[in-house]
Amino acid sequence: KSNLLYHEILKGNWYPLYTEYWYNGLQPFRCMPPMTYYVMAFLQFIAGGDVMNAYLGFIWLSCSVGGIGWLLLGRKLGRPVLGAFFGLMWFFFPDNLRVFFGEGNLPRMLITMLLPYLIYCLWEYTAYRQRKKIIALVLLMLVIIFVHLIIAAMILITSALFLMIYAVANKRFKESSLAILGMLIPFAMAGIWVYPSLSGGLVSLASDGLSSLTASLSLKLSVSLNPLIRLE
């Protein structure tokens, strides 16, 4: 997809709608948000058109930019050494290494790079009441939606659960509520792309079909949260 987008941009086509080279033809960005592939196309331009060198550049970018995010968080908390440690180790976490070199999932790699900044902005707004950070939170969440919609939804749910617990424990209901709202708004902003891209897919499923699909992708809580199963 990155290589296709790069060569189409060179032709002046900034958003290719169709390619005949996969299967019997398909829409490359219908169900998969395009942001990651624009980043890769830019890196491929810097690499002189070599997509493999662009991938190496993407790995370096994810490692360095993601690490700086943890460094900023550590500095804000007064723990710069701990922040630097997490910044260095973030790239080498086992699941991140698996995604980078085993799975090769580019959208997940890009979100790995953005996640520390999202946590930083979320903490700045809720704990330190830095109002301007809500704007950065909205923009980051919008970018993540255009990187991977499902992971963006997972981030929203987990952040909302954390913020509800944080609000009760620290009596910060206003900041937590506005932070959740700030993470919800980008889904409406991205609707101009999200709804058309999913039309004919998940959006068109009847409630029975959607329930069956959800059930087929779900496991028992005792299985989902068991870390030993991933070692088998």
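The values are calculated or read from the model by the stated rules, or taken from the named source; none is laboratory data. Please read all numbers here as calculations on a predicted model, not as lab measurements. Using ideal geometry, Cβ is built from the backbone for each residue, glycine included, and neighbour counts are taken over all protein chains shown. For the accessible areas, the whole protein counts, side chains as well, though only heavy atoms, and no ligand, DNA or RNA atoms are used. Shrake-Rupley method; radii C 1.70, N 1.55, O 1.52, S 1.80 Å.
Residue count for the stretch 130-159 satisfying the condition of being surrounded by fewer than 19 Cβ atoms within 10 Å (Cβ to Cβ), more than 16 Å from the chain's Cα centre (by Cα) and modelled with pLDDT of 90 or more: 1.
What are the residues in the stretch 170-187 that are hydrophobic (A, V, I, L, M, F, W, C) and open to solvent by 80 Å² or more (accessible area, probe 1.4 Å), if any?
Phe173, Leu181, Leu184
Within the stretch 91-107, being buried (at least 20 other Cβ atoms within 10 Å of the Cβ) and free of Cβ contacts under 8 Å to residues at least 60 places away in the same chain holds for one residue alone: Phe100.
Within the stretch 108-129, being open to solvent by 80 Å² or more (accessible area, probe 1.4 Å) and either on the phi < 0 side of the Ramachandran plot or part of a helix (DSSP H, G or I) (or both) holds for one residue alone: Tyr128. If you go through the stretch 1-59 and keep only what is within 23 Å of Val99 (Cβ to Cβ), in contact (Cβ under 8 Å) with a residue 24 or more places away in the chain, outside any loop (DSSP other than H, G, I, E, B) and among the hydrophobic types (A, V, I, L, M, F, W, C), you end up with Leu4, Leu5, Met35, Val39, Met40, Ala41, Val51, Ala54, Phe58, Ile59. Pairing residues of the stretch 176-198 that are farther than 13 Å from Ala153 by Cα and among the polar types (S, T, N, Q) with residues that are open to solvent by 70 Å² or more (accessible area, probe 1.4 Å) and not in a helix (DSSP H, G or I), at Cβ distances under 8 Å and at least 6 apart in sequence or on separate chains, gives Ser197/Arg30; Ser197/Cys31.
Among the residues of the stretch 132-169, the ones that are out of contact with any helix residue (DSSP H, G or I) (no Cβ under 8 Å at 6 or more places or on another chain), farther than 25 Å from Thr36 by Cβ and in a helix (DSSP H, G or I) come to 5 in all. Among the residues making up the stretch 19-36, a single one is surrounded by 12 or more Cβ atoms within 10 Å (Cβ to Cβ), over 13 Å from the mean Cα position of the chain (by Cα) and among the hydroxyl-bearing types (Ser, Thr, Tyr): Thr19.
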